[in-house]
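Here the structure comes first, spelled out in structure tokens, and everything after it is commentary.
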Amino acid sequence: MSEVLRAAFVIARRDFSAVILSKTFILFLLGPLFPVVIGMAFGGLGEKITTEGLRPTVGISMSAADAARMEGAYRIIADRLGGEKLPRLQRAPAGDPRALLARPDARFLAVVSGTVERPVLTGKASDLAWLEGDISLIASAALAGERLPHVRVEKQPVTASAGADAQSRMLTGRAAQVLIFLLTMLLAGMVLSNLVEEKTNKIIEILAAAVPIDAVFLGKLMAMLAMSFVGICFWGSGVFAAILTFAGPNMTPPTPAVGWPLFLLLGTVYFTMAYTLLGSLFLGIGAQAATVREVQTLNMPVTMGQMVVFFFATYAVDHMGSPSEIAGAIFPFSSPFVMIARAAQDAAIWPHLLAIAWQALWVALIIRFGVTLFRRHVLKSGPARRRGLFRRRSAPAA
């Protein structure tokens, strides 16, 4: 066993150095930043389009005094509720509202005329049903004016709220689930294609001739896990710096039930378990592929299966102690996601010790299964050897 571990460390150091010292590793580290930047840019653009371009415009065809009262009431309500929740008001020329709406250059969805006491809204029936409540609210505030009573609200702050704490802890657990899932899928999926080039160049056969095949499998898994932690440290430092820059040092995030130090430690352990479970399975399955096309074919069903597992784990967040949550904690591939959510909501430590031991047992079983697949297929990459999973048998000779 010591010989296998020693050889595995040699393979891990070789693969880790080859990945870290390559020029493409910088692109790998910067890769997740591009979707974030593009998402922020398109999110801001979409919000601007929604708040500016999609808000209806209502023309005000009233006297100057009534129009000013409507605009003043609109500003007061917009300051409280947000302007994006109200239609835009724009003064329109005096005249028949029907004629104003029929003009080719009109950009009004509807026109409000009459007086503040008796407003008249003109437009299509569907638009009137949509805008009636907003115009009624604005006119009521304009009519009240200075007579609008101002009720002073007495504030009574408390140091803790059980409902608010429970909600924030549930959101923390859900965020930790999503983070571990995204990191696992982003990083574990790389091991599917890890062997294709080496099998094509027959490097894997040279390694297998020098060290036990089990050591090759474990070494590659350890190297990819170590590379994953390098990426996580880089991305985590960037996120932490962004939080300090934009949120400030006085920001107080919600505290998980087990506390932040233990929660981060459990998050690291559960990510390692999830990565090792999925990575060893990926490595064993990927050993059967001989081309990139076969890797892509294998990647789709595995990814879809993991998505189903993740959705099952997210459902269990809101149902702690239920049969679905217990089943999610027992099923090995969903257990890390369910247990990290439990760590955010429940302060008990013993379930995590039990879950980690259970997951470690399944890690050993999945690694053994992956080594079996690895040993069976990794050396059968030559044309003269037995065909793999995706090879058709040749027609018998006539």
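Every read-out reported here was derived from the displayed coordinates using simple, explicitly stated rules and does not represent laboratory data. Keep in mind that this is a model prediction, so the values were computed, not measured. Note that we place each Cβ from the backbone using ideal geometry, even for glycine, and neighbour counts take in every protein chain shown.
Tabulated data for the structure shown
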read-out: Cα convex hull volume per residue for segment 208-264 (Å³); value: 99
read-out: Reach of LYS85 by Cα under 14 Å, taken over aspartates and glutamates that are not fewer than 8 positions away in the same chain; value: GLU47, GLU52, GLU132, ASP134
read-out: Where labels lie 7 Å past Cα in the beta-carbon direction, separation of ILE330 and PHE34 in nm; value: 4.5
read-out: Calculated FRET value between LEU365 and ALA18, using beta carbons and R₀ = 30 Å, to 0.05; value: 0.55
read-out: Rg to Rh quotient for segment 164-377, alpha carbon positions, Kirkwood Rh; value: 1.02
read-out: At R0 = 22 Å, FRET efficiency that the Cβ-Cβ distance of LEU354 and TYR315 yields, to 0.05; value: 0.50
read-out: Contact order relative to length of segment 164-377, as percent, for alpha carbon pairs under 8 angstrom and 6 or more apart; value: 37
read-out: Peptide ranges 263-274, 349-360, 212-223 listed from the most packed, as the mean C-beta count within 10 angstrom indicates; value: 212-223, 263-274, 349-360
read-out: Sites ALA65 and ILE243 - FRET efficiency at Förster radius 56 Å, r taken between beta-carbons, to 0.05; value: 0.65
read-out: Burial ranking of peptide ranges 330-338, 176-184, 235-243 (average Cβ count within 10 Å, highest at the top); value: 330-338, 176-184, 235-243
read-out: Per-bin percent of Cα-Cα distances, segment 53-146 [10 Å]; value: 17, 54, 27, 2
read-out: Inter-label distance, nm, simple model (7 Å from Cα along the C-beta direction), ALA102/ALA129; value: 2.6
read-out: Cβ crowding within 10 Å averaged over residues, with 98-105, 122-129 ranked highest first; value: 122-129, 98-105
read-out: Residue-count net charge about ALA176 - beta-carbon cut-off 11 Å; Lys, Arg +1, Asp, Glu -1; value: +3
read-out: Net length gained if the chain between LEU5 and GLU117 were fully extended (0.36 nm per residue, minus Cα distance); value: 31.7 nm
read-out: Net charge over other residues, Cβ less than 15 angstrom from the Cβ of PRO336 (K, R count +1; D, E count -1); value: +1
read-out: Simple spin-label estimate for LEU81 and VAL308 in nanometres, 7 Å along Cα-Cβ; value: 4.6
